[in-house]
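Here's the structure we're looking at; comments come further down.
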């Protein structure tokens, strides 16, 4: 199986193979998984939704009737055209009895798209299809800074809008956990600012001010400054809003990695304010005092310990949703207590 790199995925989705094969779309960003699977199917079918050629199957149906997949793959389109079998919700299902006969075929023209969640290397569907030369895997991970910028650029360009640097910086702290949710928030923001021609910081506060992403920033700052009162209830609010512990853990880790780079610059003789002002994308204006406080609290060796704790919390929460919230809660409380103790000493 070919595991495509991030730079290759968009090109593949825009130009899917003309012959048959199996494409596994998987990853922790369920919104991005859904978006890429949908775009791939749309491109491969050239926008046609003929029910004779585009077959949508829930994976649970294949678990109870494994022969159906090979039957659909070998069916010749009645009126010509491309036949596509789109298998939804393929995570956690035993699809080996259904997929094995397909993968043993020497040649077939049907494109099989498997839409799945997060799958570790060497297990489940990845283990099943990886050895096959006609299988392609499209991993879908949370957007990094570059991916978020590309998403912002695409949506604002389509809407005919520009965006200020500070507004862009604010969006970086709000987006990235789930592609579909991020795109939805951007579309809502563009619609709000449509008659202005430009998106500014106050627009984001007005449109997304109560979103869980803002609460996530507050939660991260609470842990990094030792604000235990805010921290105590923040994780519960985020869980109630449907936020995943793995997303929060990863965003917190990214924040502490940024603090580590900034602290290193301060230790080299730069002023904290100059370091904060030089960040790209820029730090949102309302968070600059929090960053300054955190740079006073955290030394390099302490930040390294914090990143180790958060890396483990991120790993565990990605592997086991049930353990995600308690493990992340313990990690954030550990960091919050450490920050509070250092703040009090200072």
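Which members of the stretch 159-198 meet the condition of being in contact (Cβ under 8 Å) with a residue 40 or more places away in the chain and either farther than 23 Å from residue 278 by Cβ or assigned by TED's automatic domain parsing to the domain that holds residue 244 (or both)? Before you say what the answer is, go through the steps one by one.
Taking the stretch 159-198 and keeping what is in contact (Cβ under 8 Å) with a residue 40 or more places away in the chain, we get 165-166, 168-170, 172-174, 176-183.
Listed by number, the residues that qualify are 177, 178, 179, 180, 181, 182, 183.
Considering (1) modelled with pLDDT under 90; (2) not assigned by TED's automatic domain parsing to the domain that holds residue 280, the lone condition that residue 219 does not fulfil carries the number (2). For residue 234, the criteria (1) over 27 Å from residue 201 (Cα atoms); (2) part of a helix (DSSP H, G or I) hold in every case but one, which is (1). Taking the stated definitions as given, is residue 157 surrounded by fewer than 22 Cβ atoms within 10 Å (Cβ to Cβ) and at pLDDT 90 or above? Answer is yes for this residue. Residue 195 falls short on exactly one of the conditions (1) at pLDDT 85 or above; (2) in a helix (DSSP H, G or I), and that condition is (2). Taking residues in the stretch 296-313 that are closer than 16 Å to residue 249 by Cβ and not assigned by TED's automatic domain parsing to the domain that holds residue 248, and partners anywhere that are modelled with pLDDT under 95 and assigned to a helix (DSSP H, G or I), not one pair has Cβ atoms closer than 6 Å while being at least 6 places apart or on different chains.
Considering each residue of the stretch 10-18 in turn, none proves to be part of a loop (DSSP other than H, G, I, E, B), out of contact with any strand residue (DSSP E or B) (no Cβ under 9 Å at 6 or more places or on another chain), within 22 Å of residue 58 (Cβ to Cβ) and assigned by TED's automatic domain parsing to the domain that holds residue 125.
Conditions (1) in the same structural domain as residue 123 (by TED's automatic domain parsing); (2) closer than 18 Å to residue 230 by Cβ; (3) under 24 Å from the mean Cα position of the chain (by Cα); (4) crowded, with 18+ Cβ neighbours inside 10 Å, marked per residue:
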residue: 263; (1), (2), (3), (4): no, no, no, yes
residue: 273; (1), (2), (3), (4): no, no, no, no
residue: 330; (1), (2), (3), (4): no, yes, yes, no
residue: 343; (1), (2), (3), (4): no, yes, no, no
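Which count do you get for residues in the stretch 168-184 that are surrounded by 24 or more Cβ atoms within 10 Å (Cβ to Cβ) and more than 14 Å from the chain's Cα centre (by Cα)? Final tally of qualifying residues: 2. Set side by side, the residues 170, 213, 181, 142 differ, and just one is part of a loop (DSSP other than H, G, I, E, B), out of contact with any strand residue (DSSP E or B) (no Cβ under 9 Å at 6 or more places or on another chain) and either under 30 Å from residue 306 (Cα atoms) or modelled with pLDDT under 90 (or both), which is 142. Consider the stretch 45-90 and keep the residues that are surrounded by 17 or more Cβ atoms within 10 Å (Cβ to Cβ) and assigned to a loop (DSSP other than H, G, I, E, B). The one that is modelled with the highest pLDDT is 66. Within the stretch 30-38, the presence of a residue that is touching a residue at least 24 places away in the same chain (Cβ under 8 Å), outside any helix (DSSP H, G or I) and farther than 23 Å from residue 98 by Cα is excluded.
The values are calculated or read from the model by the stated rules, or taken from the named source; none is laboratory data. Just so you know, these numbers come straight off a predicted model, no measurement behind them. Methodologically, a virtual Cβ is constructed for each residue, glycine included, from the backbone with ideal geometry; neighbour enumeration extends over all protein chains shown.
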